[in-house]
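Okay, structure first, notes after.
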Amino acid sequence: MATADDRRAAMLLLGLALAGMLVRLAVGGSQPAGAIAYGAVDSSRPMRDSLAARAARLARPLGPGERIDVDVASAEDLTRLPRIGAGLAARIVADRDARGAFGTLDQLERVPGIGPGLVETVRPHATFSGRSTHHGSEPRGRVRVNTATQRELETLPGIGPVRAAEIVADRGRRGPYRRLEDLQRVPGIGPQIIERLRNSVQIP
């Protein structure tokens, strides 16, 4: 037969059980006892996964035959080209937005910071789907270097706005060029550019 102490102990246990149930209901709502409580869904996870996937894609080297269309690519995609960092990629996009599509690899040199060496580096990996809308008249036949305007000189392979301005300035200071090789007196013009100009210019 249960004693008074037994009855008091049973009542104490029952009270503790009821208190525990009330605590569970207050914290976990109506979730049944023993059910597994899962954390709230992290709504930021898809965004993190998307950013991680994009970072992995941009870090992946270009595969054999894979090319970047410079006339439409974003600055992020342009950074996949060899030796094209974020700053240079941003300048490429800014120039394209301001002056139109490049159309050819040579026109890429109109972007400050891009010269013949870099052009040759990206050549196997770049393609151009647009048509050049470069400002200035396109030359018909060979360009007469001693009389051409700066804009006409800019259309020549390997000659962007900076070199064109330097040619005009050098021509004004030191007189006309007598042979093609004389262009090497202009900073930034060396034998490689001379060879690229050989079939595009006329001197004198």
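Derivation of every value follows stated rules applied to the coordinates shown; laboratory data play no part. The structure presented is a predicted model; accordingly, all values stated were derived computationally and were not measured. Here the Cβ positions follow ideal geometry from the backbone for every residue, glycine too, while neighbour counts run over all protein chains shown.
Descriptive notes on the structure:
- In terms of Cα atoms, the Rg and Dmax of the stretch 143-202 work out to 9.9, 26 Å.
- Relative exposure of F128, F102, judged by other C-beta atoms within 10 Å (fewest first): F128, F102
- Nonlocal amide H pairs with I68, under 5 Å, H built at 1.01 Å: A126, T127
- Sparse packing (at most 16 other Cβ atoms within 10 Å of the Cβ) combined with a DSSP loop state is found for none of the GluC sites (Glu not before Pro) in the stretch 90-187.
- The trypsin sites (Lys or Arg not before Pro) found in the stretch 67-111 that occupy coil by DSSP, while having at most 12 further C-beta atoms within 10 Å, are R83.
- In the stretch 113-204, the trypsin sites (Lys or Arg not before Pro) that fall in loop regions by DSSP, at most 16 other Cβ within 10 Å: R131, R140, R142, R178, R179, R198
- T121, T79 arranged by Cβ crowding within 10 Å, fewest neighbours leading: T121, T79
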